[in-house]
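The values are calculated or read from the model by the stated rules, or taken from the named source; none is laboratory data. Note that this is a predicted model, so its numbers are computed, not measured. All Cβ positions, glycine included, derive from the backbone under ideal geometry; neighbour counts span all protein chains shown.
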Amino acid sequence: MIKNLVGLVTGGASGLGKATAARLVQQGARVVICDLPTSQGTAVAEELGGNAIFAPVDVTSENDVQNALNVVKDKFGRLDVLVNCAGIGVAFRTYNFNKKLAHKLEDFTRVVTVNAIGTFNVTRLAVGLIGENQPNEDGQRGVVINTASVAAYDGQIGQAAYSASKGAIVGMTLPIARDLAIQGIRVCTIAPGLFDTPLMSALPEKVRAYLAKMVPFPQRLGKPEEYAMMVQSIIENPMMNGEVIRLDGAIRMQP
């Protein structure tokens, strides 16, 4: 069911996005990898072979996203699947009373802009291209899969900005699915728990081991490939729509 589909993956040069792009190509899809110009996007596309190409994109830029969609149309003629994995984080308390220092408003704004507004920006533009497809027997033209986080529900100390941005992605899932239903475009969101991404790799091994033990089962960090498996499941299951799926080994983060 994935063979011959065309996908666009933001944040596709590393972590969850890279694993997703790799799985889609492995299953016979063609993929445009979108990430920042400074990313390893070109190398990743070369690694994945001729069915993957790189388009440099800042997800907050309308021009960048439109240019990437033009690449999709020029190279592959259509778009069937959008997977939004691009995102950033910041860790700072709302107010540090020891240093008498408030959370920087520009940091909060930047995280919400990239994660929430960037996700919506890519979605609103990409569905215009997806909507041009001929519908299948169900009337479906394509699928949008966004990435939230368990922090949308169980945000930790210092995660006000990140949790707010991911909560926005959770909150927009159903209304966007309802908006696009008339055109046969499904929308789902995956909310990963603790995954072994480059961000997590930067932590000391002791911290990584501690975090892994917080996961009830399996008691380890999630693998990016497992996120990619969920992407494939959503693409292949036509009744998955308007839903947020926690992919977290049953973890519920405590303060």
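For the residues I234, I245, the requirement of being at negative phi, of a type in the set (V, I, T) and either crowded, with 21+ Cβ neighbours inside 10 Å or part of a loop (DSSP other than H, G, I, E, B) (or both) singles out I234. Only a single criterion out of (1) of a type outside the set (S, T, N, Q); (2) over 19 Å from T189 (Cα atoms); (3) modelled with pLDDT of 95 or more; (4) not in a helix (DSSP H, G or I) is not satisfied by G12, namely (2).
Table: residues versus (1) farther than 20 Å from E226 by Cβ; (2) of a type in the set (K, R); (3) in contact (Cβ under 8 Å) with a residue 12 or more places away in the chain.
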{"site": "L5", "(1), (2), (3)": "yes, no, yes"}
{"site": "G11", "(1), (2), (3)": "no, no, yes"}
{"site": "L16", "(1), (2), (3)": "no, no, yes"}
{"site": "A22", "(1), (2), (3)": "no, no, yes"}
{"site": "E46", "(1), (2), (3)": "yes, no, no"}
{"site": "N51", "(1), (2), (3)": "yes, no, yes"}
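You will find that of N146, N136, N121, N98, the residue that is at pLDDT 95 or above and part of a helix (DSSP H, G or I) is N121 and no other. Among residues of the range 74-94 being surrounded by 15 or more Cβ atoms within 10 Å (Cβ to Cβ) and of a type in the set (D, E, K, R), the one that is farthest from R110 (Cα to Cα) is R78.
Search the range 100-132 for residues being touching a Gly at 6+ places or on another chain (Cβ under 7 Å) and more than 18 Å from G7 (Cβ to Cβ), and hand back the single one that is surrounded by the most Cβ atoms within 10 Å (Cβ to Cβ).
Filtering the range 100-132 for residues touching a Gly at 6+ places or on another chain (Cβ under 7 Å) gives 111, 114-115, 130.
Checking which are more than 18 Å from G7 (Cβ to Cβ) leaves us with 111, 114-115.
Details: V111: 22, V114: 20, N115: 29.
Across the range 100-132, the extreme among qualifying residues is N115.
Restricted to the range 51-83, and to residues there that are in a loop (DSSP other than H, G, I, E, B) and either in contact with a strand residue (DSSP E or B) (Cβ under 9 Å, 6 or more places away or on another chain) or among the hydrophobic types (A, V, I, L, M, F, W, C) (or both), the residue that is farthest from V144 (Cα to Cα) is N51.
Taking Q183, is it among the polar types (S, T, N, Q), under 23 Å from I2 (Cα atoms) and either out of contact with any helix residue (DSSP H, G or I) (no Cβ under 6 Å at 6 or more places or on another chain) or assigned to a helix (DSSP H, G or I) (or both)?
Working: among the polar types (S, T, N, Q): yes; under 23 Å from I2 (Cα atoms): yes; either out of contact with any helix residue (DSSP H, G or I) (no Cβ under 6 Å at 6 or more places or on another chain) or assigned to a helix (DSSP H, G or I) (or both): yes.
Yes; evaluated as a whole, the condition is true for this residue.
Are any of the residues in the range 98-112 of a type in the set (G, A, S) and within 30 Å of Q232 (Cα to Cα)? No, that holds for no residue. Taking the numbered list (1) within 20 Å of Q156 (Cβ to Cβ); (2) within 19 Å of the chain's Cα centre (by Cα); (3) free of Cβ contacts under 8 Å to residues at least 24 places away in the same chain in turn, N237 passes all entries but (1).
Filter the range 201-226 down to residues that are among the aliphatic types (A, V, I, L, M) and within 24 Å of the chain's Cα centre (by Cα) and give me whichever is surrounded by the most Cβ atoms within 10 Å (Cβ to Cβ). Even if it seems obvious, please write down each step before you answer.
Start the filter on the range 201-226 by keeping residues that are among the aliphatic types (A, V, I, L, M), which leaves 202-203, 207, 209, 211-212, 214-215, 221.
Then drop every residue that is not within 24 Å of the chain's Cα centre (by Cα), which leaves 202-203, 211-212, 214-215, 221.
Working: A202: 9, L203: 12, L211: 18, A212: 17, M214: 15, V215: 17, L221: 21.
Among them, the one singled out is L221.
Using the structure shown, decide if F97 is among the aromatic types (F, W, Y), surrounded by 19 or more Cβ atoms within 10 Å (Cβ to Cβ) and over 17 Å from the mean Cα position of the chain (by Cα). Taking the combined requirement at face value, the residue does not satisfy it. Name every residue in the range 198-223 that is among the β-branched types (V, I, T) and more than 14 Å from D248 (Cβ to Cβ), in order of residue number. Within the range 198-223, V207 is the sole residue that qualifies. Here M200 passes the criteria (1) touching a Lys or Arg at 6+ places or on another chain (Cβ under 7 Å); (2) in contact (Cβ under 8 Å) with a residue 60 or more places away in the chain; (3) closer than 19 Å to I88 by Cβ except the one numbered (2).
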